[in-house]
Amino acid sequence: MNLLYFDCFAGISGDMTLGALIDLGVPQKYLMQELSKLGIAGYSLHAGRVQRSGISSRQVQVKISRHEHHHRTFQDIEKIILKSSLQAGIKERSIAVFGLIARAEGKVHNKKAEEVHFHEVGAIDSIVDIVGCMIGFDYLGIKRFAASALPTGGGFVQCQHGMLPVPAPATVLLLKGMPVYDNGIKAELVTPTGAAILAALCESFGPMPAMTIQKTGYGAGCRELAEVPNLLRLILGEAREAARTDTVIVLEANIDDMNPELAGYAMERLFEAGALDVSLTPVYMKKNRPGMLVTVICTEAQKAPLTAVFFQETTTAGVRSYRAERSVLQRCEGQVDTKFGKLKVKLLEDTHGAMRPVPEYEECRRIAKAKKIPLREVYAAVAAAGDFLRR
């Protein structure tokens, strides 16, 4: 599976990402051909070779030949993308990036996302950068994305609204959940566009994941930095681990004043609301009261609705939350042949690449009841089928 690692030692922007993709091998002619499907005229794309600290890289410039005098809203940009004949996946990713920026800008300016008028981001060059990057990712067949920690930079930057601190307020919102650090450079190193691309695509942040490197591409920023080469490095390769790593949210609450009969129903409601897993752990609380620790694992998107279920279905007055990294084996649904016929199972790919069937409780229960046999015999039949798969 193709994996792309964003090595952001000097930050990230939209044009640096596009330049690095061209350096990776995305043909400029192909990019222009696909970008023409947006129906936007009045610009040209240049990707010349430049040197940064002796490293050959691509610097992208979008040259505008016809200036527009109106600003676009997120809905304007969404319509342009949806009306195009670009592939569905490219449209979806492009809109996701612009949507993240719109919500961040809206929060900064106390407006709804659809009311935000894009200035720099709504310009033709930013539309070309973002959609062009999504075209490049699609061309390279990239399925997974990861990124390094991000140097935020410091100082101030001039924009449409005046002088803003670095990182810009919208950028700070977009960087939520990502590891960042101050490298002492007084410049804007991470732009809102760069942060939004990472927020929309990356499943993990930190050191380079286990991979076999195939290609490396460098995209240059528009200015020279004395401290570091102003480059974004994209490393393309094949993921080597059987387990993939992602980030989940853990919600917890300690409860010692709830009727235990309510706990089972609360668990059902949490699963219905989208929990990945729910567990109840007996604990002793203050004054040696027996209680329970309710733990829920979920995605970022389900954090709010699941927290609401906590308050609706339990007696807790507070819910803790934190991010956790987990490693997950590749899995899919399948069938195995057993002496009881074909049974539905989960198929897990272990660390050696072998497929291991995991019994589905309800399926095995159905067979056990129908044939009036112990449930363990059905489980044993699935295990025997698994031994056959591994031979």
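In the chain, helical runs assigned H by DSSP with n ≥ 4 each contribute -39500 (n - 2.57); averaged across all residues and rounded to the nearest 500, the mean residue ellipticity at 222 nm is -10500 deg cm²/dmol. Checking the cross-link pairs K83/K112; K186/K303; K29/K176 against a 25 Å limit on the alpha carbon distance flags K186/K303; K29/K176 as lying beyond it. Working value for the chain: equivalent-ellipsoid semi-axes of 45, 28, 20 Å, each the square root of 5 times a Cα gyration tensor eigenvalue, largest first. Taking R0 as 35 Å, what's the FRET efficiency between Y379 and E261 from their Cβ-Cβ distance, rounded to 0.05? Efficiency for this residue pair is about 0.75.
In terms of packing, defined here as the mean over residues of other Cβ atoms within 10 angstrom, the peptides 222-234, 126-138, 193-205 line up highest first as 126-138, 193-205, 222-234. Between the beta carbons of K342 and T299, assuming R0 = 45 Å, the FRET efficiency works out to 0.90 to the nearest 0.05. Of all aspartates and glutamates in the structure, the ones whose alpha carbon falls short of 14 Å from that of K215, not counting any fewer than 8 places away in one chain, are D7, D23, E238.
State the dimensionless ratio Rg/Rh of the range 331-390 (Rg: radius of gyration of Cα atoms; Rh: Kirkwood radius). Expressed as Rg/Rh, it is 0.98.
Annotation note: trypsin sites (Lys or Arg not before Pro) in the range 309-374 located in DSSP loop regions with a Cβ neighbour count of at most 10 within 10 Å are K339, K372.
When the charge dipole of the chain is built from unit charges on Cβ atoms (+1 for Lys and Arg, -1 for Asp and Glu) and taken about the Cα centre, the candidate among A263, G341, G217 whose Cα reaches farthest toward its positive end is G341.
Extension gain, Y30 to R49: 0.36 nm times the residue separation minus the Cα-Cα distance gives 5.0 nm. Sorting 30-40, 52-62 by their mean Cβ neighbour count within 10 Å, with the most densely packed peptide first, gives 52-62, 30-40. A simple charge model with +1 on the Cβ of Lys and Arg, -1 on the Cβ of Asp and Glu and nothing else charged puts the dipole of the chain at about 780 debye relative to its Cα centre. Diffusion coefficient of the range 1-118 by Stokes-Einstein, Kirkwood radius over Cα pairs, 25 °C, 0.890 mPa s: 149 µm²/s. On the beta carbon distance between S204 and L276, with R0 = 25 Å, the FRET formula returns roughly 0.90.
Taken together, the values in this text are just the output of simple stated rules run on the coordinates, not laboratory data. In this text, all values refer to a predicted model and were calculated from it rather than measured experimentally. Ideal geometry is used to build each Cβ from the backbone, glycine not excepted, and the neighbour counts take in all protein chains shown.
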